[in-house]
Amino acid sequence: MKIKKNITTVLFDLDGVIIHSNEIILHSWRAAAEKYHYTITDEMAGKFIIGASPEYTLDNLFPNESRQTKLAMHNIVNQLEEESDYSLIPGVDSFLNQLGNYHVKIGLVTGSWPEKINNVLRKNLLNMFTHIVSRNDVIKGKPFAEPYCVAMRFFNSNPQETLVFEDSANGIQSALAAGAECIAIGNNIQLGKAIHRVCDFRYLEITNNDPDYHFNDSDFGIKILNNSKI
């Protein structure tokens with residue numbers, strides 16, 4: 001028998017969950033690193049860049065550099081990311097628009113910064129987020145729990161009734177550390193805890209036909225389609 005999970009709050013990461021951006025992020029960090037004669041391998045990128053806060057990236061990849069050099073590298077990354085165009089993850093706009101029809105709190109929790117966030121949301125007409133937690137709102141970003149804890153405090157939400165959509169190992173770790181439920185988008189990395197994984201939002205359905213996550217006090221909820229595993 002399926003265990004009913006009630007959800008009052010749904011939180012989304014931005015990069016890799018709402019927009020295709022990992023390649024742009026990696027290109028930006030590699031360009032900054034090369035200027036200072038560093039090389040970033042794929043292994044380093046997966047562990048210290050994708051889904052991580054810039055402070056976490058800088059401290060782990062360039063621990064011996066001065067604060068001034070780290071700030072200069074970070075500025076290069078920010079400029080390159082802000083100048084880039086991003087496409088949406090398949091199905092996410094439709095999913096978000098449907099979600100807005102139900103009594104559920106919707107938030108955005110991202111390591112990006114307000115200028116980039118606002119540009120992405122404005123260009124794609126995504127105005128359904130009641131609260132947005134950016135890198136400017138936390139001291140310790142992903143993979144630490146603080147970003148999702150801050151979001152849940154904004155919403156006055158119970159972690160056990162909060163569902164997070166994440167794509168990276170660092171983001172998933174952050175969500176789980178905060179005590180939330182998590183669905184991984186396009187990620188098959190094993191983190192020691194069984195979580196649902198889907199290729200993209202086309203493999204999720206909002207329905208009253210036996211959903212995996214029920215919206216609180218509703219027959220409707222989010223169902224993961226059978227052919228969605230990755």
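The values are calculated or read from the model by the stated rules, or taken from the named source; none is laboratory data. Given the structure is predicted, the values throughout are model-derived calculations rather than measurements. Ideal geometry is used to build each Cβ from the backbone, glycine not excepted, and the neighbour counts take in all protein chains shown. These accessible areas exclude ligands, DNA and RNA; they are computed on the full protein's heavy atoms, side chains included. Shrake-Rupley method; radii C 1.70, N 1.55, O 1.52, S 1.80 Å.
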For the stretch 55-68, 3J(HN,Hα) per residue [Karplus equation, 6.51 cos²θ - 1.76 cosθ + 1.60, θ = phi - 60°, Hz, x = Gly/Pro]: 4, 5, 4, 5, 5, 8, 8, 9, x, 9, 7, 6, 4, 5
Considering just Cα atoms, how many Å³ per residue does the convex hull of the stretch 58-182 enclose? 115
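Please sort by residue number the trypsin sites (Lys or Arg not before Pro) in the stretch 131-207 whose DSSP state is loop and whose Cβ has at most 14 other Cβ atoms within 10 Å.
Hits after loop and neighbour filter: LYS140, LYS193.
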How large, in percent, is the carbon and sulfur part of the accessible surface of the chain at a probe radius of 1.4 Å? 47
Enter the accessible area per residue of the stretch 1-144 (Å², integer; probe 1.4 Å; all protein chains in place). 53
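Which is the longest run of the chain containing none of the GluC sites (Glu not before Pro) found in DSSP loop states (not H, G, I, E, B) with at most 16 other C-beta atoms within 10 Å? Spell out each step's value before the answer.
Details: sites that count: GLU65, GLU83.
The segment 84-230 is the longest one with no such site.
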If I model the chain as equal point scatterers sitting on the Cα atoms and use the Debye formula, what is log10 I(q)/I(0) at q = 0.12, 0.17 Å⁻¹? -0.63, -1.24
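Shape call for the stretch 94-168 from the C-alpha gyration tensor, a ≥ b ≥ c root eigenvalues: rounded (a/c under 1.5), prolate (a/b greater than b/c) or oblate?
Values: a/c = 1.87, a/b = 1.10, b/c = 1.69.
Cα axes put the stretch 94-168 in the oblate bin.
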In degrees from 0 to 90, rounded to the nearest 10, what is the angle of the helix 114-123 Cα long axis to the longest principal axis of the chain? 50
Can you give me the Kirkwood hydrodynamic radius for the stretch 1-109, using every pair of distinct Cα atoms, in Å to one decimal? 16.1
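Once R0 is set to 30 Å, what does the formula 1/(1 + (r/R0)^6) return for the Cβ-Cβ distance between GLN98 and LEU26, expressed as a FRET efficiency to the nearest 0.05? Don't skip to the end; give the middle numbers.
Values: r = 31 Å, r/R0 = 1.05.
Efficiency for this residue pair is about 0.45.
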Sorted largest first, the C-alpha extents of the stretch 47-105 along its principal axes in whole angstrom are 50, 24, 18
Karplus couplings for the stretch 199-204 from phi (6.51 cos²θ - 1.76 cosθ + 1.60, θ = phi - 60°), rounded to Hz, Gly and Pro as x? 5, 6, 6, 5, 9, 10
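So, R0 is 35 Å and r is the distance between the beta-carbons of LEU71 and ARG202; what FRET efficiency does that work out to, to 0.05? Could the numbers behind the result be given before it?
Details: r = 40 Å, r/R0 = 1.15.
Result of the calculation: an efficiency of 0.30.
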I want to check the label-to-label distance for ASN118 and ASN156. Put each point 7 Å from Cα in the C-beta direction and report it in nm to one decimal. 2.9
Quick one: which of LYS70/LYS142; LYS47/LYS123; LYS47/LYS105; LYS5/LYS223; LYS142/LYS223 span more than 22 angstrom between C-alpha atoms? LYS47/LYS123; LYS47/LYS105; LYS142/LYS223
Rounded to whole Hz, the Karplus (6.51, -1.76, 1.60) HN-Hα couplings of the stretch 169-181, x for glycine and proline: 4, 5, x, 4, 4, 4, 4, 5, 5, 7, x, 8, 6
